[in-house]
Amino acid sequence: MAEKKNAVMKAEKNITDVVLNKVAGFAQVGELVLPQDYSAENALKAAWLALQGVEDKRGNKALKICSQPSIANSLLDMVVQGLNPAKKQCYFIVYGKELTLQRSYMGTVAVAKRFSGVKEVHAQVVYEGDEFEYEIDPMTANIRITKHTQNLNNIDISKIRAVYAVVIKEDETPYVEIMTMEQVKKAWNQGANKGGSPAHKNFTEEMAKKTVINRACKLFVNTTTDSALLVDAFNRVTSNDYKRDDEPEVIDVDENEIKSVAEAAVFGDATEEETDIDGIVDEEEKTVDEGPESSEPNDDKQEVETAEQVAIGDVINE
């Protein structure tokens, strides 16, 4: 038992040291400036704790079956964006043997507010029967919502017409993004689950809000920050929402970097990994239909937890 505990502690130290060294290097050359109220060390501790419970559908632990580079890169993407899983800003999902990071709506808003001059973000759903009107300024192409009246009797997740996000900038000027439900579903269809996950089925309105918030905030992150590192991490994690099992993983941290920090590989050599792990999906066995493996439980608790991640309300605050 003591040896197993020491091995886990060693694994954590090796990978987190790699990530912290990378972050320190980026900061030293001016490529990354983290918020003053953000502790990379604390976020990594919270992430490592969360990873203890991440499993695939076969019950295999993510820390045992996922490649070390993919674990390190997921943690690096988290830190670069200033995210913390303890605040429900992000979570981890297994694709085959690769670990990926995904942002919750709270994480997307946090990135926009910290790095892109965004003050607040609002999101709302338009149902069949709602009175909804907007106008477009032909000179700027900016959208202004002029009316949205909703009746409680209209609220039905099977009758969503559209969803919109309002981003309030620091100068108080608004930016509006509108998506029809058809557009939202087309975005979902790019993912492995094609919008068929329990969260999409049972909390359709909140997942739709997440989608439009991602689109609205992406514009600000991509146009108002001069940090290429942050933009790359933000866009990569956004694309993870639509990741398919047959797509290659973008690697910034390689195996040699991890091994250079420790005297031995974190999880043993390749031979040990092949002989000690049962039920791993081979590369040729990966299919899009199988879908991602989430860091959240597979029972009813998953749906409740997912709802907490995407539940937005009328106004989103940091």
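The values are calculated or read from the model by the stated rules, or taken from the named source; none is laboratory data. Only a predicted model underlies this, so the values are computations on that prediction, with no experimental measurement involved. All Cβ positions, even for glycine, are placed from backbone atoms using ideal geometry, and neighbour counts span all protein chains on display.
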Out of (1) in contact (Cβ under 8 Å) with a residue 60 or more places away in the chain; (2) more than 30 Å from Gly96 (Cβ to Cβ), the odd one out for Ala192 is which? (2)
List, please: which pairs have Cβ atoms under 7 Å, are six or more places apart or on different chains, and start with a residue in region 141-160 that is more than 19 Å from Pro174 (Cβ to Cβ) and end with one that is among the β-branched types (Val, Ile, Thr) and in a strand (DSSP E or B)? Ile160/Val125
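Quick check: is even one residue across region 66-85 of a type outside the set (D, E, K, R), out of contact with any Pro (no Cβ under 9 Å at 6 or more places or on another chain) and surrounded by fewer than 17 Cβ atoms within 10 Å (Cβ to Cβ)?
If we filter region 66-85 for residues that are of a type outside the set (D, E, K, R), which is where we start, we get 66-76, 78-85.
Narrowing the set further to residues that are out of contact with any Pro (no Cβ under 9 Å at 6 or more places or on another chain) leaves 66-76, 79-81, 83-85.
Imposing the further condition that a residue be surrounded by fewer than 17 Cβ atoms within 10 Å (Cβ to Cβ) reduces the set to none.
Scanning region 66-85, I find no residue that is of a type outside the set (D, E, K, R), out of contact with any Pro (no Cβ under 9 Å at 6 or more places or on another chain) and surrounded by fewer than 17 Cβ atoms within 10 Å (Cβ to Cβ), so the answer is no.
Lys185 - would you say it is closer than 24 Å to Ser158 by Cα, at pLDDT 95 or above, buried (at least 17 other Cβ atoms within 10 Å of the Cβ) and under 16 Å from the mean Cα position of the chain (by Cα)? Break it down into steps so the answer makes sense when it comes.
Values: closer than 24 Å to Ser158 by Cα: yes; at pLDDT 95 or above: yes; buried (at least 17 other Cβ atoms within 10 Å of the Cβ): yes; under 16 Å from the mean Cα position of the chain (by Cα): no.
Answer is no for this residue.
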With (1) within 24 Å of Gly96 (Cβ to Cβ); (2) modelled with pLDDT of 85 or more; (3) among the basic types (Lys, Arg); (4) within 22 Å of the chain's Cα centre (by Cα) as the list, and Lys45 as the residue in question, which single condition is left unmet? (1)
